[in-house]
Amino acid sequence: MDWLRRLIRRPADPVAAAESFDRDRDVLYAEFLTVARATGMPRELTWESVEANGAPLMVVDRAGQLVALAPVVVTFEPVPGSEMEEVPQAREPRPVTALFTFERGAWRTVGRAVFNLSPAQVVERSGGTFVPVSPRPTSR
């Protein structure tokens with residue numbers, strides 16, 4: 001049974017995970033949009049689109065989980081009849097860092113988004129929650 005625990009807890013290979021993210025990027029962003037839309041946040045706004053805005057930053061969280069901090073641009077549409085309908089800024093595209101976790105060999109999302117911060121700023125302000133990892137081998 002120890003071998004099974006070690007297998008399950010084995011850290012993800014950042015290189016393979018980054019390649020997997022690149023390969024499945026469109027599907028992952030579509031999944032993020034669907035899940036984020038279902039959260040109902042921010043209130044009185046409907047998630048309309050999510051577009052890539054650069055390469056994701058691979059990090060490890062405190063639990064040792066591989067996380068992709070993906071820079072995206074999100075557009076919203078105010079809910080008809082809401083107070084936001086009269087706010088012009090509600091329709092302006094917003095920079096967002098979308099979070100994806102690498103679990104059991106696949107990328108997943110719960111629709112977690114950090115508004116108005118780049119992935120590097122998320123790491124910087126995380127208080128050590130996220131530590132960058134190099135997804136690509138470096139040459140010497």
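The values are calculated or read from the model by the stated rules, or taken from the named source; none is laboratory data. Here the structure is a predicted model, which is why all the values come from computation and not from measurement. Cβ: placed from backbone, ideal geometry, glycine included. Neighbour counts: every protein chain shown.
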In region 86-110, the residues that are at pLDDT below 95 and in contact with a helix residue (DSSP H, G or I) (Cβ under 6 Å, 6 or more places away or on another chain): A90
Checking G127 against (1) of a type outside the set (K, R); (2) out of contact with any strand residue (DSSP E or B) (no Cβ under 9 Å at 6 or more places or on another chain); (3) more than 17 Å from E44 (Cβ to Cβ); (4) surrounded by 10 or more Cβ atoms within 10 Å (Cβ to Cβ), the condition it does not meet: (4)
Pick from region 79-93, criterion within 17 Å of R37 (Cα to Cα) and not in a loop (DSSP other than H, G, I, E, B), ranking: farthest from the chain's Cα centre (by Cα): M84
Residue, nearest to T97 (Cα to Cα), within region 27-78, restricted to residues that are part of a helix (DSSP H, G or I) and hydroxyl-bearing (S, T, Y): Y29
Test: E83 is modelled with pLDDT of 95 or more and out of contact with any strand residue (DSSP E or B) (no Cβ under 8 Å at 6 or more places or on another chain): no
Residue match in region 104-116 (condition: buried (at least 19 other Cβ atoms within 10 Å of the Cβ), touching a residue at least 60 places away in the same chain (Cβ under 8 Å) and more than 18 Å from L33 (Cβ to Cβ)): no
Selection within region 104-136 - over 13 Å from the mean Cα position of the chain (by Cα), part of a loop (DSSP other than H, G, I, E, B) and among the aliphatic types (A, V, I, L, M): V133
R25, sole failed condition from (1) under 19 Å from F115 (Cβ atoms); (2) in contact with a strand residue (DSSP E or B) (Cβ under 7 Å, 6 or more places away or on another chain); (3) in contact (Cβ under 8 Å) with a residue 24 or more places away in the chain: (1)
